[in-house]
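Read the figures in this text as sums done on the coordinates, not as results from a lab. Given the structure is predicted, the values throughout are model-derived calculations rather than measurements. Note: ideal-geometry Cβ built from the backbone for every residue, glycine included; neighbour counts use all protein chains shown.
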Amino acid sequence: MKLFVLLSFVTLLSFSAMANVPTVSYTLGMSKPATHLFEVEILLDGIDVNGSWLELSLPVWRTGRYMILDLASGIVEFDVFDGTDKNLRWMKTDKSTWTIELNGATKVRARYKVFANELNLRTRGLNDERAFVDGTAVFMYTEKYRWQPITLTVVPFGNWHVTTGLDSVINERNKFIATNYDYFADCPLEIGNQKDFSFTVEGKEHVLSIAGKGNYDAEKMIADISKIVKTHAEFWGGLPYERFVFLLALSPGNGGGTEHINSCAIGARPFIFKNPDSYGSFLGLVSHEFFHTWNVKRLRPVALDKYDWTKENYTKELWIAEGTTSYYDDVLLVRSGFMVESQYLDKVSSAIESDRGRPGNLKQSLSECGFDAWIKYWKNTKQATNFETDYYSRGTAVSFILDMTIRQKTKNKHSLDDVMRTMYRRFPLGKGGYTNSDFQNACQEVADTSLQQFFDDYVNGTKPLPWNEGLAVAGLELQEKSPDKKPWLGLFTNDDGDKTKVSRVIAGSPAYEAGLDIDDEILALNGYQVRSGSLSSRIAEMKAGDKVELTVFREERLREFEITLQNPAVTLQRIMKVEKPTPLQKKIYGFWLSIPTQKKEKK
Ligand SMILES: [Zn+2]
């Protein structure tokens, strides 16, 4: 494989020379890690002599995080030279673009440093222990030569080594190649003393790279990840890459992950691996990021088929890219045997509580939520819970109900699984991407019926989700958990150091009606000091109709609020199997979660 890559690259280089386009090479240094400064050099050799100007830009966002990050804010000490090392004139022409006056130069060497101190954001980070690079946050590009092949030479600090999904140049340590900038920028680099474990699944090489110490069992993790890879490969029909890298970084406060074209970057706290619940959540995150290898990295919404690095890439389909991925990350964990049915059904019942308890779900549609992600979702604004939906959790919920709808309409002959595979075949990467309408069409074809009303109500509209109907398809029903209701304030709090602050106030709740606000610092309930835990336990001992006095600091002023407690608007529910399921309900339940015995029957 590597030999093939090398030959192709040589071919591309000769083609470049013939077509009078420059070779593009990058060098990445990190000689003083404690300063958090990367040293970057970009060399463009053989520039079109007809051009008078050359623009170098840094993307304003990175993939997977749909918000403007203005990454160029970290660029310092920019300078540029021609082939004789003479300075070329340059000026900033927008916040992320450096425009260079070529003055006849056909060779340009740009140098700059990047302040990188955001390791847990998975954009760029460098300290005296490790370095992480998401290419969009460190490497500038020229739009004119964006699709040219690229070489990268990394000069690691000390005895550090590089782990990346990029192909390496044979017999050249720390030299890598990419077919174009977008591919290059989508292959993050981990540089440090990370431990790399190589393993094979379905004949393809996989690498688990672990940076940082923790209480993990590498052998077990490799076995578990291999099983996840196999289940996903079975779902999609094969693995779409030659080599895949799981970049795992362990540090306090770390969490979350980012998908990439042939790798993913996952953050976790160091000591979560012995606890079955936290390890289960970790595997869920692995499953999520890995599902993205198909859904969003290859099967892409229209606006993301070819990224626009200069501005927002508006997409109404993030509920599919993220929500459907979130739906399947757990479903495939159940099918892989990592989550038992009861655990999964408990998760679904919690999802129902959160869905019903978020007023914003009835104010903003999923389409609008995706489109406005750039200005709302990722900003986590104060009004989010009350006025915005969430394309992750609501998208998961709608995917579940859509799956059940298709299974019911086709008497379990088809499911959302078939829709995803149809979409994947129909919209190959680079051919334009898909829209919500394309997805609706695929669903309708698979279900062999119109789903216009479904999409009007739950994708483009804000109707309450038909949970009972969806669950009934698989022979499940909701039952109230505790008939003796505990009263409700309707606010959420965070303990931070010695302060307890209001983080959310649910619209229509007693706290909302009484005038409590986000950031109020809670001091006392009925004159006695409380923190988050004691506040909720003392409220739980009271009853609806009781009046309480909450004392808070708001902007350094002492304020008191009288609140009349009520019963919560959403009661806690648990999912149970119906007493006498029909044969179809039984069949759907078995096929949906692929309980092994039922799966055997299928074959
Ligand atoms: Zn995701």
Arrange the following residues from fewest to most other Cβ atoms within 10 Å of their Cβ: Asp417, Asp457, Asp277. Asp277, Asp457, Asp417
With the contact rule set at Cα under 8 Å and sequence spacing of 6 or more, what percent relative contact order holds for region 3-193? 24 percent
Taking only the Cα positions of region 194-279, the convex hull volume per residue in Å³ is 96 Å³
Value at 222 nm in deg cm²/dmol, rounded to 500, when DSSP H runs of n ≥ 4 in the chain each add -39,500 (n - 2.57): -9000 deg cm²/dmol
Would you mind ranking Trp592, Trp319 by Cβ crowding within 10 Å, fewest neighbours first? Trp592, Trp319
Solvent-free Debye scattering, log10 I(q)/I(0), computed from the Cα coordinates of region 491-564 at q = 0.12, 0.13, 0.14 Å⁻¹: -0.27, -0.32, -0.37
Relative to the longest principal axis of the C-alpha atoms of the chain, give the angle of the C-alpha long axis of helix 218-236, reported between 0 and 90° and rounded to the nearest 10°. 90 degrees
By how many nm would the segment from Ser437 to Gln479 grow when fully extended, if each residue of separation counts as 0.36 nm and the alpha-carbon distance is taken off? 11.6 nm
From the Cα trace of region 111-166, what convex hull volume per residue do you get, rounded to a whole Å³? 115 Å³
I'd like the distance separating the alpha-carbon centroids of region 567-581 and region 432-493, in whole Å. 16 Å
In the structure displayed, which of Lys230/Lys413; Lys230/Lys347; Lys485/Lys547; Lys95/Lys213; Lys195/Lys306 lie more than 28 Å apart, Cα to Cα? Lys95/Lys213; Lys195/Lys306
For the chain: relative contact order, % (alpha-carbon pairs under 8 angstrom, 6 or more apart): 9 percent
Where N is the number of residues in region 3-193, Cα Rg divided by 2.2 N^0.38 Å: 0.99
Taking every C-alpha to C-alpha distance in the chain and binning by 20 Å from 0, the per-bin percentages run 18, 47, 30, 5, 0
Whole-Hz ³J(HN,Hα) from phi, Karplus 6.51 cos²θ - 1.76 cosθ + 1.60, for region 34-45, glycine and proline x: 5, 7, 6, 10, 7, 10, 10, 10, 10, 10, 10, 10
In degrees between 0 and 90, to the nearest 10, how far off the longest principal axis of the chain does helix 341-356 point, with axes built from Cα atoms? 80 degrees
Roughly what angle does helix 436-447 make with the longest principal axis of the chain, taking Cα atoms, 0 to 90 degrees, to the nearest 10? 60 degrees
Computed for region 491-564: size of charge dipole around the Cα centre, +1 on C-beta of each Lys and Arg, -1 on C-beta of each Asp and Glu, debye to nearest 20, value 200 debye
Using only alpha carbon pairs under 8 Å that are at least six residues apart, calculate the relative contact order of region 491-564 and give it in whole percent. 27 percent
Residues of region 506-531 with amide nitrogen under 13 Å from the 7 Å Cα-to-Cβ point of Arg554? 511-522
Efficiency of FRET from Cβ geometry, Asn117 and Lys32, R₀ 22 Å, rounded to 0.05: 0.95
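What is region 299-364 by shape, rounded, prolate or oblate, if you read a ≥ b ≥ c off the alpha carbon gyration tensor as root eigenvalues and call it rounded for a/c under 1.5, prolate for a/b larger than b/c, and oblate otherwise?
In terms of gyration-tensor shape, oblate.
For the residues Asp134, Asp305, Asp498, what sequence is obtained by ranking on other C-beta atoms within 10 Å, fewest first?
Taking fewest neighbouring Cβ atoms as first place, the list is Asp498, Asp305, Asp134.
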Among Gln529, Tyr279, Leu88, the residue whose Cα sits farthest towards the positive end of the charge dipole of the chain, when +1 is placed on the Cβ of each Lys and Arg and -1 on the Cβ of each Asp and Glu, is Tyr279
Residues meeting the amide H criterion for Trp90 (H placed from the backbone, H to H distance under 5 Å, 5 or more places apart or on another chain) are Glu101
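Could you give the length gained on full extension between Glu101 and Thr84, defined as 0.36 nm per residue of separation minus the Cα-Cα distance, in nm?
Extra length from Glu101 to Thr84 when fully extended: 4.6 nm.
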Leaving out same-chain residues fewer than 8 places away, which aspartates and glutamates sit with a Cα under 20 Å from that of Lys580? Glu341, Glu469, Glu477, Glu480
